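Just below is one structure, and these are the notes that go with it.
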Amino acid sequence: MKLAIDIVKSLLLPKLEKDTSFDANQTNIAFWETFTKAFLDFEKDAKPVYAAIYSLGLKDAEKIISKLDTVYISFIKELTENHVLGISSEANDYLITSKNSTFEKEVHFFTDLQNAIKKVERKRIKTELPKTFDKLNFALSDDVIALAIKKKEREALKDKMHAWDEELVATEDAPVYSVFSKKETKIISLSWIKYAAAACIVLTAGIMYFKFNTDNNFVQPGDTNVVTAEAPKMETYPLAVVNSISESSTVIEETSSAFASKPKMISIVKNNQSLRIASIVKAIEKYQIQLQKNFPNHKVQDNSTIKKLNDTIVSLKNEFELLKIREQQYVFNGKSLILFVSSTPKENYVLLFNEIYYLKKADGFYKLSVSQEPQNYMKETNSAVLNDLKEILFRKYGI
């Protein structure tokens, strides 16, 4: 799983570090292992991934969540590329076994692309090779090669091409007539054919792959070089952010000695989700209308705009469900308490009694469990404990 974890960290960590409340100590090895395993199933169930992001106590967790779809696609593309290159990975084995649709689509794309390029390039080499022979520049630039392959593969390809350079045979003293032209030309060895074919195929693959990722429209080359018509553009709608308020609060403790120890302080972060939830409901409605208006029959399964709309609707529905669940949960690590609310209460009291933390809400007292993961509220029902908590709160604040 190390390969997958490294890819996830390289994609997600720079985004997390932009959040002013991000604490790198919370993203230890255990966190990345748990997150990566959940991320592999992101398209089936996004809730565990959202929960992991919320557990970090970020100032704007929703901003990170809104980017997860893009991060996920990049993550799968990286794993697919390694798979195509023959690099084994536990993550890739899992994606194959679980029949991950995004992974399968990327594998099919690379396979189809390779077959299409070979078909076109066989014809192009036959017609273009004699014309370009005298103009050949054996030193391909890094910028050009980088369109198709990454640094590791680029260096390997350049090493092969330099080796082929040494095999090239050009017999100046024995002019012959080319099979493609009546003019005298040079004898071209099999090594040159390998060199030219590799360069043409790689460069064409890079250009086509770059174009595919730029405009999201797959161009399938063939004998007629027909390009599919561009689908209607997807209109996007803005979402409200969660309003976060952070404050420092004193932990209320029962003291039996005359000299009270230094009071414990705790940070309480209140995430008001009401505007975010309302904007998600409105956006889902608009995306559904857009889908019905532009694609009433929904039959074109391979249309990228339809897929984008469907994926966006599913993602928003998942987040809506998660936000509603969050209102029944909290995150408490012993130093900070994160609350998910629809209305921001004026006061929240945290008490420490018999080495157990309690949160005072309007309808009672709730035990707090120390954990990096969101926890469900557990209301205290023991009458004796409730009386003691009420007495401590009364002595401190008279309420």
For the pairs Lys367/Lys396; Lys9/Lys99; Lys44/Lys317; Lys270/Lys308; Lys77/Lys324, note any where the Cα-Cα span goes beyond 21 Å. Lys9/Lys99; Lys270/Lys308; Lys77/Lys324
Along Cα→Cβ, 7 Å out, is where each label goes; now give me the distance between the ones at Ala384 and Glu321 in nm to one decimal. 4.3 nm
Cβ under 9 Å from Leu389's Cβ, Leu389 left aside: what net charge do those residues give with Lys, Arg +1 and Asp, Glu -1? -1
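Excluding Gln329 itself, calculate the net charge of residues whose Cβ lies under 14 Å from the Cβ of Gln329, where each Lys or Arg counts +1 and each Asp or Glu counts -1.
Charge balance in the 14 Å sphere: +4.
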Roughly what % of Cα-Cα distances in segment 305-399 sit above 20 Å, to the whole percent? 48 percent
7 Å from Cα along Cα→Cβ at both Phe31 and Lys335: what's the point-to-point distance in nm? 1.2 nm
Net charge of neighbours whose Cβ lies under 12 Å from the Cβ of Asp69, counting Lys and Arg as +1 and Asp and Glu as -1: 0
Taking 96-102, 266-272 and ranking on average Cβ neighbours within 10 Å, highest first, one gets 266-272, 96-102
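Coordinate-derived values only; no laboratory data. Just so you know, these numbers come straight off a predicted model, no measurement behind them. With ideal geometry, Cβ positions are generated from the backbone for all residues, glycine too; neighbour counts draw on all protein chains shown.
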